[in-house]
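Written out below as structure tokens is the structure these notes cover.
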Amino acid sequence: MFERSARSHAFPAPLALGADGVIVTAHAEPILGWPAGNLDGPPKPLVLPQNYLEPLATSSIAYGCNLPLPHGGVRSPTSSAGLPDRIDGGGEAGFLATSLPAGHAAIIGSKGERVSLRFRWVCISADAAIGAVWRCFVSLGGHGTHNGWHAIDQDYIFEAKGGAALNAPEELSLPVRAPDGRRLRLMHPIGALTCFACEAGRVKVTKLAPDGWSRRTVATLSLLADDRIVAIFSDGMQKTVGIAAPHAKRTARAA
């Protein structure tokens, strides 16, 4: 069993990276233990995998938001029949005037390049007795004709009284591609798309989390009281990278 220290204030114990990514104490002594998720075999010197620092391209985006409950009919003069699947060039100004901004996030390419993915919503129909239908558009890379706004291949239906979307898929493919040409997946956690009254008439983004990261460094590396070795990276993300053996905990705390 791992020992538990009664001196909780002694943790977290600061660690560092030595040669070849070996995790060491403040006195440069290697920390023995097991990689996170693999506790088989005897403890060995722990090494931070290099792929935690290299770029990881975005493949999916988790997205959720609340749309304002329409009042008095359709929110914009745009009808479903008159709304093209792609809007660019001279049509962008009118589209921006009749749609609602709904968040943006950085998408990471395979070489670590970053490009902005933006969301906007249009209410294409609303009836006080039946409900409302919303359409989501995305744009990758910024303003202008070259990028444009692309409709997601899914119209979202809400009841007149509001609530969660009646037909939100768990996953769908976006109509725009990553910087390296890959398809991107949009994920909707269960119940994440809602439509409730909002006095300001705005979209409230509740979740917008792409996976992947750019090239990064380790900001802090610590041994916690529960034996976990946790890295916090320069992009603010955190990950458990290993489990320390009992004697490693004593060594790190003494350092």
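The set of residues in segment 27-43 being more than 15 Å from ALA231 (Cα to Cα), assigned to a loop (DSSP other than H, G, I, E, B) and in contact (Cβ under 8 Å) with a residue 60 or more places away in the chain consists of HIS27, GLU29, LEU39, PRO43. ALA165 meets each of the listed conditions (1) open to solvent by 40 Å² or more (accessible area, probe 1.4 Å); (2) modelled with pLDDT of 90 or more apart from (1). Restricting segment 44-56 to residues that are assigned to a helix (DSSP H, G or I) and open to solvent by 70 Å² or more (accessible area, probe 1.4 Å) leaves a set whose member that is farthest from ALA13 (Cα to Cα) is ASN51.
Taking GLY82 as the residue in question, decide whether it is part of a helix (DSSP H, G or I), over 26 Å from the mean Cα position of the chain (by Cα) and at pLDDT below 90. Answer is no for this residue.
GLY33 meets each of the listed conditions (1) buried (at least 20 other Cβ atoms within 10 Å of the Cβ); (2) under 27 Å from the mean Cα position of the chain (by Cα); (3) over 30 Å from ALA126 (Cα atoms) apart from (2).
The values are calculated or read from the model by the stated rules, or taken from the named source; none is laboratory data. Quick caveat: nothing in here was measured; it's all calculated off a predicted structure. Cβ: placed from backbone, ideal geometry, glycine included. Neighbour counts: every protein chain shown. Each accessible area value is taken on the protein alone, full model and side chains, heavy atoms only, with ligands, DNA and RNA left out. Shrake-Rupley method; radii C 1.70, N 1.55, O 1.52, S 1.80 Å.
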